[in-house]
Amino acid sequence: MRKHLFIAVACLCTGMVFTSCGSSKESAYRKAYEKAKAQEQAQQQQAQQAQPYVQQAQPYAQQQPVQQQAPVVTPLVEAPAQQQTVVTGNNVAVRTEKVSVVNGAGLKAYSVVVGSFGVRANAEGLQNTLKNAGYSAQVAFNQDRNMYRVIVATFDTRESAVQCKESIKGTYPDAWLLLQQ
């Protein structure tokens, strides 16, 4: 019986020791927090109290002017007037390739290419999309590069091809000119 009583008392003492440690840690943290808060408030009060003395240190007539950096000012420049660029056949790059028509009526000297594919089915899919949009699209094959070129339109003159390229550049910004070799 004494043994059981001893064990019970020991357990009770151990429990009290562990619970008292937690509250002491908590109170120590609370004290440290309150001390830091008090120091911060004291520093703010000192700064506020010192500010009027700094301004009153010298009479107004003897004070040195405070130099400040001038703000950076960017001058306003009028935007140049929008000019309409007249595209001539001389300022547009043209690629020269040897191609053969795979699906279409035939090519003239200059063609406007809107897509290049390694797979014929993909090229014909774009061709069908262009035909549904009202273009007379064709597919040509470049054997040297093993690429199918989707041509939206074909022309006899470079100027006509350039005008077509410029008219579709909103939809096909990567369109380019092809000169049949």
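Here, each number is a calculation from the coordinates, and none is a lab measurement. As the structure is a prediction and not an experimental result, all values here were calculated from the model. All Cβ positions, glycine included, derive from the backbone under ideal geometry; neighbour counts span all protein chains shown.
Return, for the Cα atoms of region 105-178, the radius of gyration and Dmax in Å, separated by a comma.
Cα only, region 105-178: 11.4, 31 Å (Rg, Dmax).
Show me, for region 95-110, the HN-Hα J-couplings you get by feeding each phi into the Karplus relation (A = 6.51, B = -1.76, C = 1.60, θ = phi - 60°), rounded to Hz, glycine and proline as x.
Whole-Hz 3J(HN,Hα) from phi for region 95-110: 9, 9, 9, 9, 10, 10, 6, 9, 8, x, 7, x, 9, 9, 4, 10.
Can you compute the modelled spin-label distance between Arg145 and Gln41, with each label point 7 Å from Cα toward Cβ, in nm?
Once both label points are built, they end up 7.8 nm from each other.
Starting from the Cα-Cα distance between Ser100 and Phe117, subtract it from 0.36 nm times their residue separation and give me the gain in nm to one decimal. Numbers along the way, then the final one.
Working: separation 17, 0.36 × 17 = 6.12 nm, distance 1.46 nm.
Difference between extended and current length: 4.7 nm.
How much length is gained if the chain between Tyr29 and Asn132 is pulled fully straight, taking 0.36 nm per residue apart and subtracting their Cα-Cα distance, in nm to one decimal? The partial results should precede the final answer.
On the way: separation 103, 0.36 × 103 = 37.08 nm, distance 7.67 nm.
Full-extension gain reported as 29.4 nm.
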